[in-house]
Amino acid sequence: MTRTEPTSARVAIVTGGARGIGLAIARWFLARGQRVALLDIDGETLDRAVAALAQPGQVLGLHCDVGQPQQVEAAARAVMQRFGRVDALVNNAGVAVFKPVLDTSFEEWRHVMATNLDGAFLCTQVFAPLMVHGGAVVNIASISGLRASTLRIAYGTSKAALLHMTRQHAVELGNVGIRVNAVCPGPVETEMARQVHSPAIRADYHDAIPQGRYGTPEEIANAVGFLCSEEASYVNGQFLAVDGGFDAAG
Ligand code: NDP
């Protein structure tokens with residue numbers, strides 16, 4: 001089948017795009033002339049981000065909890081009304097609870113699963129059918145999804161499941177021209193890291209990362225942008241660790 005590429009600029013959806021890694025990913029697309037819809041649960045931070053990006057015609061901010069089907073469907077309608085197409089989806093919205101196994105409540109477990117796993121499932125379910133010219137999905141997982149470590153029963157399990165979902169989606173969507181990959185960031189200095197990385201965790205990372213430092217949101221965005229681009233046109237169902245060598249060092 002020959003795909004006809006429409007002439008209007010490409011559109012990327014970035015969930016959890018109001019700050020941190022998601023905001024850096026939005027900047028990556030905008031810097032390359034693409035349009036961006038930011039979906040975020042935090043309306044105030046979202047408004048500030050949209051204003052800071054200062055490209056009103058190119059950016060759409062949508063207040064949306066990715067774990068709520070009706071809100072995701074409403075966001076998709078708003079994107080199509082405003083931009084008329086979807087080319088990439090970055091499932092970046094995430095929450096972290098770092099607690100010992102036996103201290104993690106069922107509510108905390110469900111909250112993490114609802115955002116990190118249900119959110120990516122729902123957004124892919126709703127946005128993939130809109131990628132009528134083909135497209136790319138990138139799931140932001142974590143090195144905590146690649147290996148088990150203390151305090152991460154909910155977070156690590158949600159990210160490991162997200163990695164398997166990446167492969168399931170890659171297998172099922174590849175034949176309609178949609179590639180699905182995952183990026184596994186190592187520690188990145190964001191609000192989330194400030195909330196859950198204790199001095200002990202920071203010291204462990206410092207010793208275990210060959211490059212000896214945290215990553216930046218921009219370094220994660222570069223990998224995500226590559227996976228969404230034509231340069232990655234035959235990359236499908238893969239996990240790309242962007243972690244300063246942490247995973248390689250075992
Ligand atoms: P931040 O907490 O800084 O930003 C995440 C954004 O997502 C926030 O604006 C947050 O809003 C929003 N969000 C949370 N829940 C929802 C929801 N249900 N629907 C829509 N938006 C939501 O996180 P980071 O930028 O650090 O992380 C981005 C992604 O990268 C996450 O998936 C995270 O797990 C992953 N990651 C991060 C690492 C790090 O060290 N920073 C390492 C490895 C992976 P609010 O603040 O109101 O919750």
Original post:
In degrees, nearest 10, range 0 to 90: what is the angle between the Cα axis of helix 69-82 and the longest Cα principal axis of the chain?
Top reply: 40 degrees
**OP:** Evaluate E = 1/(1 + (r/R0)^6) for A200 and E44, where r is the Cβ-Cβ distance and R0 equals 30 Å; express this FRET efficiency to the nearest 0.05.
**Re:** 0.40
Subject >> Residue-averaged 222 nm ellipticity for the chain, from DSSP H runs of 4+ at -39500 (n - 2.57), nearest 500 >> reply: -13000 deg cm²/dmol
Original post:
Each residue of the range 115-122 in turn: what ³J(HN,Hα) in whole Hz from Karplus with 6.51, -1.76, 1.60 and θ = phi - 60°, glycine and Pro shown as x?
Top reply: 7, 6, 10, 4, x, 5, 4, 5
**OP:** Please determine, in degrees from 0 to 90 and to the nearest 10, the orientation of helix 217-228 with respect to the longest principal axis defined by the Cα atoms of the chain, where the helix direction is its Cα long axis.
**Re:** 50 degrees
Subject >> In degrees, nearest ten, helix 153-173 long axis to first principal axis of the chain (Cα) >> reply: 30 degrees
**OP:** Could you estimate the translational diffusion coefficient of the chain from the Stokes-Einstein equation, with Rh from the Kirkwood formula over C-alpha pairs, at 25 °C and 0.890 mPa s, in whole µm²/s?
**Re:** 135 µm²/s
Original post:
Can you put E189, E44 in order, fewest other beta carbons within 10 Å first?
Top reply: E44, E189
Original post:
Among V242, V112, which comes first, then next, by fewest other beta-carbon atoms within 10 Å?
Top reply: V242, V112
**OP:** Take the alpha-carbon centre of the range 95-157, take the same for the range 207-242, and report the distance between them in whole Å.
**Re:** 18 Å
Original post:
Which residues' amide hydrogens lie under 5 Å from the amide hydrogen of I41, considering only partners 5 or more residues apart or on another chain, with H built in the peptide plane?
Top reply: G16, C64
Subject >> Other-chain or far-sequence residues with amide H under 5 Å of G135's (modelled H) >> reply: I178, R179
**OP:** Pairs of Cα atoms under 8 Å, at least six residues apart: use those to get the relative contact order of the chain, whole percent.
**Re:** 19 percent
**OP:** Excluding Q81 itself, calculate the net charge of residues whose Cβ lies under 15 Å from the Cβ of Q81, where each Lys or Arg counts +1 and each Asp or Glu counts -1.
**Re:** +3
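Quick note: the coordinates plus some simple rules give every number you see, no bench work behind them. Since the structure is predicted, the reported quantities are computational estimates derived from the model, not experimental observations. With ideal geometry, Cβ positions are generated from the backbone for all residues, glycine too; neighbour counts draw on all protein chains shown.
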